[in-house]
Amino acid sequence: MRITRRLCILLLALLLLGSGTACAAGSVRTELQEAEWTWDESSTASFTGTVSFDELPCENLLLKLSFTTDPDSTNRGSVVFHTVNGKKLTIRKQQPEYTFTPGELNSFDFTGNWKTPENVFFTKVLITLQVCTEDGETVLGESKLTVQRDASELANKEDGKFRLRTDFSKWTLWIAIAAGAGWALAVARILWNHKRSKKEG
């Protein structure tokens, strides 16, 4: 009896371990796309996402949204889940994380919002979606979406000013080269005029 009981416990433990491994190793595909985008301050830019899988990876999935901006700022606004499978989330549930129970579904979609801050001019936003096990310890799938201003969007239509991108390394290099060439030409011209003056004198 003791041996049979131990075998049952061992089999149960193996089954639990196997289900946990299947959950961690489930094939999850993710996709992010730009939807209605705006760079206006104190506005809402939206994006869409799809999560699909061949077999149910877990009973519950934890979806996580994170993002970075260029330039980096402590006042970046926030990204949140807005709808899941066409159902609008309540204000309280519109957070960067959302726990979803797929049930018999093998795919679902969602929309997310980037709530833009005031008085910060961003040139690029990188949004990351991670689909994790419910405890958040294992990442089952990941997608990234990069949205960047084009040249025409770098000019503010309201004040007509042109904003440069935050990576000034190339601009600095070309300005330094142009300044150096200008000084070299000026010095060469002074020396040449001085030499010509001596000959004429």
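The values are calculated or read from the model by the stated rules, or taken from the named source; none is laboratory data. What you are looking at is a predicted structure, and each value in this text was computed from that prediction instead of being measured. Here the Cβ positions follow ideal geometry from the backbone for every residue, glycine too, while neighbour counts run over all protein chains shown.
Only one of these is among the charged types (D, E, K, R) and surrounded by fewer than 15 Cβ atoms within 10 Å (Cβ to Cβ): Glu104, Glu134. Name it.
Testing whether each residue is among the charged types (D, E, K, R) and surrounded by fewer than 15 Cβ atoms within 10 Å (Cβ to Cβ) leaves just Glu104.
Within segment 62-91, can you find the residues that are closer than 30 Å to Phe121 by Cβ and not in a strand (DSSP E or B)?
Residues satisfying the conditions are Pro71, Asp72, Ser73, Thr74, Asn75, Arg76, Gly77, Leu89, Ile91.
So which residues in segment 38-72 are under 14 Å from the mean Cα position of the chain (by Cα) and either of a type outside the set (A, V, I, L, M, F, W, C) or modelled with pLDDT under 95 (or both)?
Ser46, Thr48, Gly49, Lys64, Ser66, Thr68, Thr69, Asp70, Pro71, Asp72
Need the failing condition index for Glu104 against (1) under 20 Å from Val28 (Cα atoms); (2) assigned to a strand (DSSP E or B); (3) not hydroxyl-bearing (Ser, Thr, Tyr), just the number.
Unmet condition: (2).
Which number in (1) surrounded by 13 or more Cβ atoms within 10 Å (Cβ to Cβ); (2) without any contact (Cβ under 8 Å) to a residue 60 or more places away in the chain marks the one condition that Thr128 misses?
Single failed check for Thr128: (2).
Could you please let me know if Gly103 is in contact with a strand residue (DSSP E or B) (Cβ under 7 Å, 6 or more places away or on another chain) and either touching a residue at least 60 places away in the same chain (Cβ under 8 Å) or assigned by TED's automatic domain parsing to the domain that holds Asp54 (or both)?
no
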